[in-house]
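The values are calculated or read from the model by the stated rules, or taken from the named source; none is laboratory data. Values in this document were obtained by computation on a predicted structure and should not be read as measured data. Here the Cβ positions follow ideal geometry from the backbone for every residue, glycine too, while neighbour counts run over all protein chains shown.
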Amino acid sequence: MKRDILSILDLTAQELAAIIGDAEDLKKMRKQGDAHPFLEHKTLGMIFEKASTRTRISFEVGMFELGGHALFLNPSDLQLGRGEEMRDTARVLSRYLSGIMIRAYRHQTIEELARHATVPVINGLSDIEHPCQILADILTMQEYFGDVSDLTVAWVGDGNNVCNSLILSSARTGFSVRVATPDNYAPPGSVLSRAKAAGSRVAICPTPEGAAADADVIYTDTWVSMGNEQEHDERIRAFAGYTVDEALLDEASPDAIVMHCLPAHRGNEISDGVIEGRKSVVWDQAENRLHAQKALLVRLLKK
């Protein structure tokens, strides 16, 4: 039976822990130069409606290092760009590929693909969730803290897709999440309801300082995501006071780390001094996209 990973909640706590453990092993193998062709003769199709740096490169390199092959599929180069329905594309791709990763503007597009594909479908990003990013984030937190279940993670900024997946992941990891956003940019009520029903530990804080107080992790992301460019000036005004800077970092635990899923806009959501500072783990976090996704691919595609 095929498995799709459209949400971080599609993994049980046990499965998530196993993937993180596998990612640690795969990271060690890579550093030691040990071959690990677990997906020999497997092929991953990668559909990109949205531009990408980390998602494309990490999946493509990951499939190569696992002994498989990845195909970059731009919708404008497919018949999707000429009006072919997603359900028809899903059926055809399933006859060729071992799995499909899709990075889409709308979560409904990914759900439609998964409904009609007969091979595993992975959400590489949608407007609702970014589960692959959160797998890398959990791996990073575990590397720095060991057990993550008692951590407090402060999210400061836009209540976007990464924030949504972080909130939902609390139900699988046990860590608590505090969210500070401007009033009109909070996570959707539907996500908060799902999180509560799943057992997530989430608090909405009225100020960035309240969220950051004694936190173990401070996490932020761009204020203007792809698709929101027309709101740029409005968002910059709305998010004034939500920059993760040295003053906000002083509110956190002395051993706190700072995370950002990139791309970063220094001087907006994060200061240059913080992202380049000793508490920043942003580059480890970016690297861990590769290892976490390799572990996910092995779990989904290896017989």
Return a yes/no flag: does the stretch 148-161 have any residue that is outside the structural domain of His69 (by TED's automatic domain parsing), in contact with a His (Cβ under 8 Å, 6 or more places away or on another chain) and not small (Gly, Ala, Ser).
-> yes
Close pairs (6 angstrom Cβ cut-off, 6 or more residues apart or separate chains): in the same structural domain as Lys294 (by TED's automatic domain parsing) in the stretch 92-114, aromatic (Phe, Trp, Tyr) anywhere | Met101/Phe59; Arg103/Phe48
Could we say that Tyr144 is outside the structural domain of Gly62 (by TED's automatic domain parsing) and surrounded by fewer than 24 Cβ atoms within 10 Å (Cβ to Cβ) here?
-> yes
Within the stretch 95-113, can one find any residue that is in contact with a strand residue (DSSP E or B) (Cβ under 7 Å, 6 or more places away or on another chain), surrounded by 18 or more Cβ atoms within 10 Å (Cβ to Cβ) and assigned to a loop (DSSP other than H, G, I, E, B)?
-> yes
Out of all the residues in the stretch 50-65, is one or more in contact with a helix residue (DSSP H, G or I) (Cβ under 6 Å, 6 or more places away or on another chain), crowded, with 22+ Cβ neighbours inside 10 Å and either in a loop (DSSP other than H, G, I, E, B) or at pLDDT below 95 (or both)?
-> no
State whether one or more residues within the stretch 78-87 are surrounded by 17 or more Cβ atoms within 10 Å (Cβ to Cβ) and touching a Phe, Trp or Tyr at 6+ places or on another chain (Cβ under 8 Å).
-> no
Among the residues of the stretch 1-18, which ones are of a type in the set (Asp, Glu) and assigned to a helix (DSSP H, G or I)?
-> Asp10, Glu15
Scan the stretch 209-218 and give yes if some residue there is buried (at least 16 other Cβ atoms within 10 Å of the Cβ) and touching a Gly at 6+ places or on another chain (Cβ under 9 Å), otherwise no.
-> no
Which residues, counting only those in the stretch 99-132, are touching a Pro at 6+ places or on another chain (Cβ under 7 Å) and closer than 18 Å to Thr53 by Cα?
-> Asn123
For the stretch 178-206, name all the residues that are charged (D, E, K, R), surrounded by 11 or more Cβ atoms within 10 Å (Cβ to Cβ) and either closer than 16 Å to Val153 by Cβ or modelled with pLDDT under 95 (or both).
-> Arg178, Arg201
Entirely in the stretch 226-303, the helices (runs of 4 or more DSSP H) that have 1 or more residues that are touching a His at 6+ places or on another chain (Cβ under 8 Å) | 272-275, 282-301
May I ask you to list pairs of residues, at least six apart or on different chains, whose Cβ atoms are under 8 Å apart, with the first in the stretch 277-293 being free of Cβ contacts under 8 Å to residues at least 40 places away in the same chain and among the hydrophobic types (A, V, I, L, M, F, W, C) and the second being in a helix (DSSP H, G or I) and crowded, with 17+ Cβ neighbours inside 10 Å?
-> Val282/Ile275
